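Please read the structure below before turning to the comments.
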Amino acid sequence: MQSSHAVARPSLLLTRKLPDAVEARAARDYRAVLNTDDTPLSGAEIAARASGMDGILCCAGDRLDAAAIAALPDSVRILATFSVGTDHIDLAAARARGLIVTNTPDVLTDATADIALLLMLGAARRASEGERMIRAGAWTGWTPTQLMGTHLGGKRLAILGMGRIGRAVAERARAFGMAIHYHNRSRLTQDLEQGGTFHADAEAMLEHADVLSFHCPATRETTHWLNAARIERLPRGAIVVNTARGAVVEDAALIAALRSGRIAAAGLDVFEGEPNLNPAYRDLPNTFLLPHLGSATVETRNAMGFRALDNLDAHFNKRQIPDKVI
Ligand code: DGY
């Protein structure tokens, strides 16, 4: 005979393959429908698979636009996304339907900040060119002028968006001897600012950006924020780093600036339309590119999954939901 606990378990759709420990917990506590072969699902496919489900554990990359939200069965009351970003979900449509949406803040701060530093170093120190040279068997030996890059120490790092991740990047960059400039909706307390220079006007900050790093969400206001006019305000030879969302950069403008040398290099972990990034990025020698690996450590991905499940547990047990976005 099944226990009353087992009978009461809510049903939960996992839209992607999640780490084993996360799937094990989901299967223990829910009637979980897994996506074991990790087939990417369209919004319409997610809605179809959600038939009879009480909740959905979705991921960045699932396009839950207004049409997909409208197609969800009435049984679904909560979307718990395995991400801090929520730009893949039409929040207005979800709100209109009375859906709860949760995300996974905090747990990916350090991993994402680490990747931002990796991108900064990779771009500044021409890591892609060096790696390609070795892999191509084209390295003929050390020379005094080979692949000379840019030193990060003593340079100014401008951070757009000084939330948890922006501050973790600042902390790491200070250890490299960089001076921090930042723009945020509001100025941080001295305690959090740690000597960084606040710019109320994001555009005015650009002239102080030897390296510009994005840590803001993708919104209507930030879409294509880095355009040709703003690139012109950066010092010649600046470096651009993006671990936030591809949409904040206007690709054509950045690519033109990388080609001309106006921008020395870019370190990019996220791309507009990913995985179908603008192919020009691949051909440029001065790009250091990663496939959206910001949070990709075992520890972090487990923590993200557990955090999403904590939110679902709270909802189904009628407790306060820790990371309720709407
Ligand atoms: C997020 O959480 O928003 C990341 O981009 C996916 O790791």
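Results, tabulated for the structure shown:
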| read-out | value |
| --- | --- |
| Single condition G246 does not satisfy, out of (1) away from the ligand (no atom under 15 Å from the Cβ); (2) over 24 Å from R174 (Cβ atoms); (3) small (G, A, S) | (1) |
| Among residues of segment 253-274, those that are touching a residue at least 12 places away in the same chain (Cβ under 8 Å) and either away from the ligand (no atom under 16 Å from the Cβ) or among the β-branched types (V, I, T) (or both), counted | 14 |
| Residue that is surrounded by 20 or more Cβ atoms within 10 Å (Cβ to Cβ) and of a type outside the set (F, W, Y), where the choices are R174, R126 | R126 |
| G196 vs. criteria under 24 Å from T150 (Cα atoms), at pLDDT 95 or above and open to solvent by less than 30 Å² (accessible area, probe 1.4 Å) | yes |
| Matching option when the condition is more than 16 Å from the chain's Cα centre (by Cα), open to solvent by less than 40 Å² (accessible area, probe 1.4 Å) and at negative phi, among A229, A252, A209, A256 | A209 |
| Qualifying residue in segment 15-22 (condition: more than 16 Å from the ligand (Cβ to nearest atom) and under 20 Å from L293 (Cα atoms)) | yes |
| Single residue of R156, R164 found to be in contact (Cβ under 8 Å) with a residue 40 or more places away in the chain, within 16 Å of the ligand (Cβ to nearest atom) and either open to solvent by 50 Å² or more (accessible area, probe 1.4 Å) or outside the structural domain of M205 (by TED's automatic domain parsing) (or both) | R164 |
| Output for segment 77-91, where each listed residue is touching a Gly at 6+ places or on another chain (Cβ under 9 Å) and either open to solvent by 10 Å² or more (accessible area, probe 1.4 Å) or touching a residue at least 40 places away in the same chain (Cβ under 8 Å) (or both) | R77, I78, A80, F82, S83, H88 |
| Subset of segment 95-107 that is among the hydrophobic types (A, V, I, L, M, F, W, C) and more than 21 Å from the chain's Cα centre (by Cα) - its residue that is farthest from V270 (Cα to Cα) | A96 |
| Pairs, first open to solvent by 70 Å² or more (accessible area, probe 1.4 Å) in segment 291-320, second within 11 Å of the ligand (Cβ to nearest atom) and in a helix (DSSP H, G or I), C-beta under 9 Å, six or more apart | E299/A111 |
| Strands (runs of 3 or more DSSP E) wholly inside segment 26-140 containing at least 3 residues that are more than 13 Å from the ligand (Cβ to nearest atom) | 31-33, 55-59 |
| Residues of segment 275-290 classified as within 14 Å of the ligand (Cβ to nearest atom) and surrounded by fewer than 16 Cβ atoms within 10 Å (Cβ to Cβ), total | 1 |
| Filter result for the condition that a residue is on the phi > 0 side of the Ramachandran plot and in the same structural domain as L234 (by TED's automatic domain parsing), over Q190, Q194, Q146 | Q194 |
| Residue within segment 276-286 that is touching a Leu at 6+ places or on another chain (Cβ under 7 Å), among the aliphatic types (A, V, I, L, M) and closer than 26 Å to H208 by Cβ present | yes |
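The values are calculated or read from the model by the stated rules, or taken from the named source; none is laboratory data. Remember, predicted model here, so these are calculated numbers, not experimental data. Virtual Cβ from ideal backbone geometry, glycine too; neighbours counted across all protein chains shown. Note: areas computed on protein heavy atoms with side chains; ligands, DNA, RNA excluded. Shrake-Rupley method; radii C 1.70, N 1.55, O 1.52, S 1.80 Å.
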